[in-house]
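Following: one structure in structure tokens, then a few remarks.
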Amino acid sequence: MPQLTIRGIAPEQVIAISEAMVQQLADVCGCGTDNFTLDCLQTVSAMDGKRVDTYPFVEVAWFERGSQTRDLFAETIMKHFLTAGVREVEIAFKVYSQDGYYINGVRCDKL
Amino acid sequence: MPQLTIRGIAPEQVIAISEAMVQQLADVCGCGTDNFTLDCLQTVSAMDGKRVDTYPFVEVAWFERGSQTRDLFAETIMKHFLTAGVREVEIAFKVYSQDGYYINGVRCDKL
Amino acid sequence: MPQLTIRGIAPEQVIAISEAMVQQLADVCGCGTDNFTLDCLQTVSAMDGKRVDTYPFVEVAWFERGSQTRDLFAETIMKHFLTAGVREVEIAFKVYSQDGYYINGVRCDKL
């Protein structure tokens with residue numbers, strides 16, 4: 001964590017920005033880049049009786065870090081996605097609690 | 001948002017009902033149809049040592065709108081899925097907070 | 001529910017352990033095995049400008065059952081995944097509320 005789950009953006013675009021974006025996100029969080037994951041979901045989207053492109057969306061799963069870090073984190077994602085040619089994106093933060101998160105069987109609030 | 005993430009139902013079935021369902025869901029919410037997204041996830045499911053069909057499931061991500069709207073929203077999804085031939089479905093609501101949701105880099109509680 | 005959504009682990013590995021794992025998880029929860037779903041997501045992951053293997057991750061969606069059951073639940077998943085050759089995995093619990101969960105249109109807190 002943080003874990004970015006991405007839909008509506010081609011994996012190639014995510015791969016292209018992954019190095020620079022994760023480096024900067026790690027700076028924002030004050031943690032190592034190896035804490036991050038970027039996973040692209042394969043989706044089929046529907047609207048008005050037709051198959052449509054999936055709207056670009058990123059769900060960030062993390063432990064709460066406060067609004068200042070969150071704002072900067074979202075801004076950083078947006079900036080790199082713009083670089084990759086993604087012109088609009090919505091980003092939602094999903095907060096996991098440390099006592100409900102287990103790394104190799106060990107609860108995070110006990111680490 | 002609202003964002004419907006769907007598994008266990010063929011994209012073709014979702015496409016078929018998308019226009020009528022979204023129109024009615026927009027009426028329930030009192031918002032425009034262009035706020036909605038319907039994304040089908042591709043999944044492989046397992047049970048009893050075998051690959052099985054994915055159980056039909058919809059996760060609705062939205063900002064909380066109260067139990068009356070929520071009940072009607074779920075009922076509307078159910079009704080349209082029945083029309084599409086889906087005989088059982090579970091629906092879960094996931095609430096995003098406005099201060100953790102960003103549209104093109106701008107936090108929703110500041111819009 | 002509980003609903004296990006899995007990424008970064010081959011469906012074949014999940015299928016192989018599904019019977020024994022779900023039996024034991026049902027014992028942990030004191031419920032029937034038919035309440036469970038195991039869904040594998042198809043993902044493409046990125047890091048350092050390259051496509052990489054998705055980090056093994058399980059999101060458990062359920063109604064809160066307390067920390068003792070949760071610890072045992074995570075331990076049970078970990079144990080079976082080790083058996084399947086998965087050497088590391090992170091597990092996060094996502095709590096749905098009963099008044100936001102609908103089975104065939106009926107809200108769970110009314111069942």
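Quick note: the coordinates plus some simple rules give every number you see, no bench work behind them. Small disclaimer: the values here were computed from a predicted structure and weren't measured. Because the Cβ atoms are built from the backbone with ideal geometry, glycine has one as well, and the counts that use them run over all protein chains shown.
When each of A:87, A:65 is tested for being under 20 Å from residue B:37 (Cα atoms) and surrounded by fewer than 20 Cβ atoms within 10 Å (Cβ to Cβ), the lone residue that passes is A:87.
Name the residue, out of A:54, A:69, that is within 18 Å of residue B:105 (Cα to Cα), β-branched (Val, Ile, Thr), within 12 Å of chain B (Cβ to nearest Cβ) and not in a strand (DSSP E or B).
Working: A:54 fails: within 18 Å of residue B:105 (Cα to Cα).
When all the criteria are applied, what remains is A:69.
Evaluation of residue C:46 against the conditions (1) aliphatic (A, V, I, L, M); (2) crowded, with 22+ Cβ neighbours inside 10 Å; (3) more than 20 Å from residue C:101 (Cβ to Cβ); (4) in contact (Cβ under 8 Å) with a residue 24 or more places away in the chain shows that the sole unmet condition is (4). Taken together, the residues in the range A:72-104 that are facing another protein chain (nearest Cβ under 7 Å), closer than 20 Å to residue B:105 by Cβ and of a type outside the set (Val, Ile, Thr) amount to 7. Considering the conditions (1) touching a strand residue (DSSP E or B) at 6+ places or on another chain (Cβ under 7 Å); (2) within 27 Å of residue A:70 (Cβ to Cβ), residue B:98 is excluded by exactly one of them, (1).
Flag not set for residue B:27, criterion: more than 24 Å from residue C:99 (Cβ to Cβ) and assigned to a helix (DSSP H, G or I). Note on the range A:57-66: residues that are within 14 Å of chain C (Cβ to nearest Cβ) and either hydrophobic (A, V, I, L, M, F, W, C) or free of Cβ contacts under 8 Å to residues at least 12 places away in the same chain (or both) total 5. Out of the range B:52-93, which residues are under 19 Å from residue C:60 (Cα atoms) and in contact with a helix residue (DSSP H, G or I) (Cβ under 8 Å, 6 or more places away or on another chain)? Answer for the range B:52-93, where residues must be under 19 Å from residue C:60 (Cα atoms) and in contact with a helix residue (DSSP H, G or I) (Cβ under 8 Å, 6 or more places away or on another chain): B:56, B:58, B:60, B:89, B:91, B:92, B:93. Within the range C:25-39, the set of residues being within 14 Å of chain B (Cβ to nearest Cβ) and within 14 Å of residue C:60 (Cβ to Cβ) comprises C:25, C:26, C:35, C:36, C:37, C:38, C:39. Residue under question is residue A:15, and the condition is that it be in contact with a Gly (Cβ under 7 Å, 6 or more places away or on another chain), assigned to a helix (DSSP H, G or I) and farther than 30 Å from residue C:71 by Cβ; does it hold? The answer is yes for residue A:15.
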